[in-house]
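Below: the structure, in structure tokens.
The values are calculated or read from the model by the stated rules, or taken from the named source; none is laboratory data. As the structure is a prediction and not an experimental result, all values here were calculated from the model. All Cβ positions, even for glycine, are placed from backbone atoms using ideal geometry, and neighbour counts span all protein chains on display. Please note that ligands, DNA and RNA were not included when accessible areas were found on the heavy atoms of the full protein model with its side chains. Shrake-Rupley method; radii C 1.70, N 1.55, O 1.52, S 1.80 Å.
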Protein chains: 2
Amino acid sequence: MATYTLGIDYGTNSVRALVVNTANGQEVGVAVVNYPGGTDGILLHSKDHNLARQSPADYVACLERVVKAALSQARRQFGAHGNEVIGIGVDTTGSTPIPVDAQNQPMCLHPEYKKNLNAYAWLWKDHTAFEEAARITEQAKKSRPHFLAKCGGVYSSEWYWAKLWHCLNVDRGLFEATYAWIELEDYIPAVLCGVSRPEDVVRGVCAAGHKAMFNRHWGGMPDAEFLASLDPRLERLRARMPSESFSIDHQAGRLTKAWAATWGLPEGLPVAVGAFDAHLGAVGAGIKTGTLVKIVGTSTCDIMVAKNTMQVPDIPGVCGIVDGSVLPGYIGIEAGQSAVGDIFRWFVTSVCQGHDALQVKLTAEARRLKPGASGLLALDWNNGNRTILVDPQLTGLLVGMTLHTTRAEIYRALLEATAFGALTIVNRIEEYGVPIERVVCCGGIAEKNELFMQIYADVLNRPMFISRSCQTCALGAAIAGALAGGAYPAIEPAIEAMTGVKRKIYRPIPRHVAIYQEFYGQYKVLHDAFGAVAGQTARVGQTARVGHTPLSGLMKNLLVLKQKCAQA
Amino acid sequence: MATYTLGIDYGTNSVRALVVNTANGQEVGVAVVNYPGGTDGILLHSKDHNLARQSPADYVACLERVVKAALSQARRQFGAHGNEVIGIGVDTTGSTPIPVDAQNQPMCLHPEYKKNLNAYAWLWKDHTAFEEAARITEQAKKSRPHFLAKCGGVYSSEWYWAKLWHCLNVDRGLFEATYAWIELEDYIPAVLCGVSRPEDVVRGVCAAGHKAMFNRHWGGMPDAEFLASLDPRLERLRARMPSESFSIDHQAGRLTKAWAATWGLPEGLPVAVGAFDAHLGAVGAGIKTGTLVKIVGTSTCDIMVAKNTMQVPDIPGVCGIVDGSVLPGYIGIEAGQSAVGDIFRWFVTSVCQGHDALQVKLTAEARRLKPGASGLLALDWNNGNRTILVDPQLTGLLVGMTLHTTRAEIYRALLEATAFGALTIVNRIEEYGVPIERVVCCGGIAEKNELFMQIYADVLNRPMFISRSCQTCALGAAIAGALAGGAYPAIEPAIEAMTGVKRKIYRPIPRHVAIYQEFYGQYKVLHDAFGAVAGQTARVGQTARVGHTPLSGLMKNLLVLKQKCAQA
């Protein structure tokens, strides 16, 4: 008899539920429900564009509907019954902390805080805490540099402690009334399992490690002394936090009788510990050592793992290195590019003033161009640089234009630039002893744009695969559910059995590889010259006279390459 | 009784004749005739895109028609009669040498050379001699560095000796049969005056000095030893060349009886020595010390003069410094930007795929933007850099793009970049002791694009004027004719009386000046870093660590400026 697992995926604008066959990953039921509140599910503030909150009540209301719909489809179309479901997994956005009371109820449910946006969930993309983030970075640089070393050297305004501290600074009344702050990835499993005390919420290491500076080596959360150096009232919160956090092979608890009855699922169904969407997305895409999973959208999230028996050193500029954040027994490594699809869209819509049809046309034209024959080179920094420079203030650059440069050539140069950005991440991680043999992509661009995939194969000089599932996050959550339900003894065979890649594989073309290696040499010159801002970046040792830097020959080098490529 | 002067202007595609009142510069008759041969008057070669020749027979046939038409209009509309014309001046393109026989007849008129393009006029934009030019530069660097010092450090493939030598290398038969090579600026006056021996052709110092390395200080043309070091057969040509060359205040001769009869002009009318179009254009625009005349088109030609009683040193990167080439008694200084209007047209047509209407729209949109508020910065090198880097292999660059950058912002950044390029020329010339107080522009862009003019006023921090005449080259030639005819005792009062500027003057706006000074600082950083290729360029002394060059902070500096400007 087939058994099934349920994956629940909380995205930025909607929640998705996926019912999956535990034997082979077949997706038998899926449903999506948009959050009803605010703008596309996000509560905004008319005057503060940094603010982005969400309603925990929406999360719970949508949960009921989306799971019901997915199970109903599975039953109708595949005859899969609720009593054949053996486990549940959850992934969410993050860092998305929710202030709760001593009964684990969100503060916004109290009538006196109903109109107070600070009492809602602080969505990952809320940037109100930018000043607190800078002060945390500054303080940690002085007294706890090892904290920063695990998160790329800079603490972000999107992250847990910055948000809590900002609440303390702007809304002390609410802060004092709040008992604890629970990450969304931990809150949803707690809701499923009916956990009524914040102390009993099982915390996932994904959010704790990547966003709250949790690390077993220094005893869990940041120490009391450090938190007190920021603000003594932050320190008091620490006492209410568990000293441990867990990977997805642990259980957060068991499904309550009420939820079981609502959905027609077995009572006491095991619920896995939650994790972030990108991390479970990597699981759903078939992550393993040597594989980089690239979630390509407006930006990218790059996930890798390395056996935790090996010593992974701190990798400068890489956003996060956390033991167990992706898979139990492995170091999870998270990197990313601040803009990929966004850059192509910018060029097509803002510069060329076209729409999707023009993007298709430019892609077709760019595909007919010979690699390198335009002599153009771009830096993919229109939205700053996340990895490896960790500098949101960097900007885009394009060089090599003549009076004959075409828009298709520029479009192709922008595709290539994002591939060079991807290679810079891959190289940085490999330099620190984590080999990357192949890349598995997910996302619409990877599925639709063959030119993008071929350029990446040629630039990265590695085969490029596309995830078989197009809802890898929910599939990853479902795999965690299968593990919780005992379908597999460990995560690796679950991934092996339940994930896959599409038949079409993009393989490097040696002639293109050679050309792009030369162009990448020039990209690196630009990258190091313009990017050496954050102080912790490119490892350039030599001294040189200004006027004789590698830049002084860059345009001529591009011209030589261009001529060579045009004749090839 | 009013007297008139006739200016004849040989452009790249057509010849223009202008009849002008010698008292006040009033233009009373004008005509234009396109050269009938080839493509837009240019004889091309299907396989060699560097080749561009013209037919001397076309020159003469068009001359007859164009002068007749201009005089006819002057008579009909202003009652100006041929017998009131007191002199003729001529300007032409160059270096455009014509191979002639011992009777001063173009070699292409001989039946055996009729089909040989080498026997025609070698138009200025012919680049077939690129190898010979490089060898001349190389040889002069070794043995005659002072030759190069007067022409910006690099001998061009467009110039006299390179073209002659190339003919020798590819068509020895023709070269041996040719008696002499006459520049078009000297050939036309010789035709008007019926000069039948090449030795008797009066040579203008404009072509000789700027293109053939003529200089009185080293005894005229390059010495025999130097020419022999290139090729002994070049040396033999030197013997047939006059040892002197002249400014436009000298006469080339007197109009023949035949031409006088054809046009109804007085026999024996004085004909001034010829000069290049840009140089007589500067005259027509009112050149004097302290004034830079900027002929703005697809590229620019920048002309200045300095009293020859002052010692003008060699100015690195400036195309030409020749005593008397613009005005008698003054050092003529020629500089230029390889692309100006061409860059705007490239962006509008190739990138935005629009036409003139879009250029008007973008100009209107760009005009509404605050200076600096886009944070964009460009290098205006899409067609290389003529002055001050003398490097045709440089390319364009754009930096500062975000996901919100608009096409109007890019268009404005390109306008600004060409203004920064213009300022770099002005600064270089002033550094060497030639002050520039005001700028007079000619050309369609200056007349039509108010945003262009205001940006230039703000960037150059100088008032910007527009020439009153829109045919300054022909007017300059006419002024030379007036001088030849004795209407003025010297060139300065002729210019004073016969030229002027339009009423509309663009004056610097102090707030914009301050902003652009900051952006120019960043432009110079880019310029020096990417431009230090030719080895003779930016004077940057300090040493620095790579990774801590000024470039490493450039993007952040632009961001700070952008925010400041947006709030202003």
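Among DSSP beta bridges lying fully in chain B, give the percent that are antiparallel, nearest 5. Spell out each step's value before the answer.
Working: 49 of 69 bridges.
Within chain B, antiparallel bridges account for around 70 percent of the total.
For the protein assembly as shown, with every protein chain kept in place, what is the accessible area per residue (1.4 Å probe, Å²)?
36
Can you list residues whose amide H is under 5 Å from B:E183's amide H, if they're 5+ apart or on another chain and H is modeled 1.01 Å from N?
When sequence neighbours closer than 5 places are left aside, the close amide H contacts are B:I98.
Along each principal axis of its Cα atoms, how long is the protein assembly as shown end to end? Whole angstroms, biggest number first, please.
Principal extents (Cα only, largest first): 119, 57, 54 Å.
At A:E199 and B:T349, where each label point lies 7 Å from the Cα along Cα→Cβ, what is the point-to-point distance in nanometres?
About 7.8 nm separates the two model spin labels.
Residues with amide H under 5 Å of A:I466's amide H, sequence separation 5 or more or different chain, H placed in the peptide plane at 1.01 Å from N; which?
Result for A:I466 returns A:C441, A:K502.
From the phi angles alone, apply the Karplus equation (6.51, -1.76, 1.60; θ = phi - 60°) to the stretch A:346-357 and give each ³J(HN,Hα) in whole Hz, x where the residue is Gly or Pro.
Karplus values, whole Hz, x for Gly and Pro: 4, 5, 5, 8, 7, 8, 8, 6, x, 10, 4, 4.
Output wanted: per-residue J couplings in Hz (rounded whole) for the stretch A:76-91, from phi through Karplus 6.51 cos²θ - 1.76 cosθ + 1.60, θ = phi - 60°, x for Gly and Pro.
5, 8, 10, x, 7, 9, x, 6, 8, 7, 10, x, 10, x, 9, 10
Rounded to the nearest 500, what is the protein assembly as shown's calculated 222 nm mean residue ellipticity when only DSSP H runs of at least 4 contribute -39500 (n - 2.57) each, over all residues? Walk me through the numbers before you get to the answer.
On the way: 40 runs with 442 residues, N = 1136.
Value at 222 nm, helices only: -12000 deg cm²/dmol.
Hey, can you grab everything whose amide H is under 5 Å from the amide H of A:D126? Only 5+ residues off in sequence or another chain; H modelled, so Pro and N-termini drop out.
A:A52
With the label 7 angstrom out along Cα to Cβ, how close does B:E112 come to the same site in each of the other copies, in nm, nearest first?
Inter-copy label distances (nm, one decimal, shortest first): 11.3.
How far apart, in nm, are two points set 7 Å out from the Cα along the Cα-to-Cβ line at A:E492 and at B:E496?
It works out to 9.6 nm between the two label points.
Using DSSP, restrict attention to beta bridges with both residues in the protein assembly as shown and report what percent are antiparallel, rounded to the nearest 5.
Details: 106 of 146 bridges.
Counting only bridges with both partners in the protein assembly as shown, antiparallel ones make up about 75 percent.
For a quick check of your reading of the filter: which trypsin sites (Lys or Arg not before Pro) in the stretch B:339-429 sit in a DSSP loop and have no more than 15 other Cβ atoms within 10 Å?
Details: sites: B:R345, B:K361, B:R367, B:R368, B:R386, B:R407, B:R412, B:R428; in loops: B:R368, B:R386.
In loop regions of the stretch B:339-429 (DSSP not H, G, I, E or B), the sparsely surrounded trypsin sites (Lys or Arg not before Pro) are B:R368.
Per the Cauchy relation, a quarter of the hull surface: what is the mean projected area of the convex hull of the alpha carbons in the stretch B:304-407, in nm²? Show your work: numbers first, answer last.
Details: hull surface 36.5 nm².
Dividing the Cα hull surface by four gives the mean projection, 9.1 nm².
Label B:A258 and A:Q311 with points 7 Å out from Cα along Cα→Cβ: what is the distance between them in nm?
Rounded to a tenth, the inter-label distance reads 9.7 nm.
Over both sides of the A-B contact, add up the buried accessible area with a 1.4 Å probe and give it to the nearest 100 Å².
Details: alone 22630 and 22630 Å², together 40770 Å².
Interface between A and B: roughly 4500 Å².
With both partners inside the stretch A:4-275, how many of the DSSP beta bridges are antiparallel, as a percent to the nearest 5? Write out the running numbers ahead of the final one.
Details: 27 of 37 bridges.
Just about 75 percent of them are antiparallel.
Go ahead and run the numbers for FRET between B:K125 and A:E267, Cβ-Cβ distance against an R0 of 56 Å, rounding to 0.05. Each step should come with its number before you reach the end.
Working: r = 87 Å, r/R0 = 1.56.
For B:K125 and A:E267, the calculated efficiency is 0.05.
Debye calculation, C-alpha points only, no solvent: report log10 I(q)/I(0) for the stretch B:336-493 at q = 0.10, 0.11, 0.12, 0.14 Å⁻¹, in the same order as the q values.
-0.44, -0.52, -0.61, -0.79
What are the trypsin sites (Lys or Arg not before Pro) within the stretch A:439-535 that DSSP puts in a loop, where the Cβ has at most 10 other Cβ atoms within 10 Å? Don't jump to the answer; show the numbers that get you there.
Details: sites: A:K448, A:R468, A:K502, A:R503, A:K504, A:R511, A:K524; in loops: A:R468, A:K502, A:R503, A:K504.
Counting only loop positions with at most 10 other Cβ atoms within 10 Å, the trypsin sites (Lys or Arg not before Pro) in the stretch A:439-535 are A:R503.
Could you work out what % of the accessible surface of chain A is carbon and sulfur, using a 1.4 angstrom probe and leaving DNA, RNA and ligands out of the count? Write down the numbers at each step before the final one.
On the way: 10400 of 20380 Å².
That fraction is 51 percent.
State the residue of chain A whose Cβ is nearest the axis carrying A onto B, and the distance in whole angstrom.
Result for the A and B rotation: A:L398, 2.
Given the stretch B:4-275, what whole percent of its Cα pairs are spread farther than 32 Å?
Working: 8911 of 36856 pairs.
I get 24 percent for the Cα pairs in the stretch B:4-275 exceeding 32 Å.
Taking +1 at the Cβ of each Lys and Arg and -1 at the Cβ of each Asp and Glu, which of A:A260, A:I410, B:T93 sits farthest along the dipole of the protein assembly as shown towards its positive end, judged by Cα position relative to the Cα centre?
Positive-end residue among those listed: A:A260.
For A:I509, go 7 angstrom from Cα along the Cα-to-Cβ vector, then report the distances to that same point in the other copies in nm, smallest first.
In nanometres, ordered from closest: 5.0.
If I take R0 = 25 Å and measure r between the Cβ atoms of B:N13 and B:V60 in this structure, what FRET efficiency does the formula 1/(1 + (r/R0)^6) give, to the nearest 0.05? Walk me through the numbers before you get to the answer.
Details: r = 17 Å, r/R0 = 0.67.
Using R0 = 25 Å, I get an efficiency of 0.90.
Assuming 0.36 nm per residue, please report the length gained on full extension of the stretch B:T39 to B:E176 beyond their Cα-Cα distance. Don't skip to the answer; put the middle values down first.
Details: separation 137, 0.36 × 137 = 49.32 nm, distance 2.92 nm.
The span from B:T39 to B:E176 would gain 46.4 nm if fully extended.
Hey, for B:R216 with labels 7 Å out along Cα-Cβ, what do the inter-copy distances come to in nm, ordered shortest first?
For B:R216, the other copies' label points sit at 9.2 nm, shortest first.
Using the Karplus equation 6.51 cos²θ - 1.76 cosθ + 1.60 (θ = phi - 60°), what ³J(HN,Hα) coupling, rounded to whole Hz, does each residue of the stretch A:498-510 give in order, writing x for Gly and Pro?
9, 10, x, 10, 5, 5, 6, 10, 9, 10, x, 9, x
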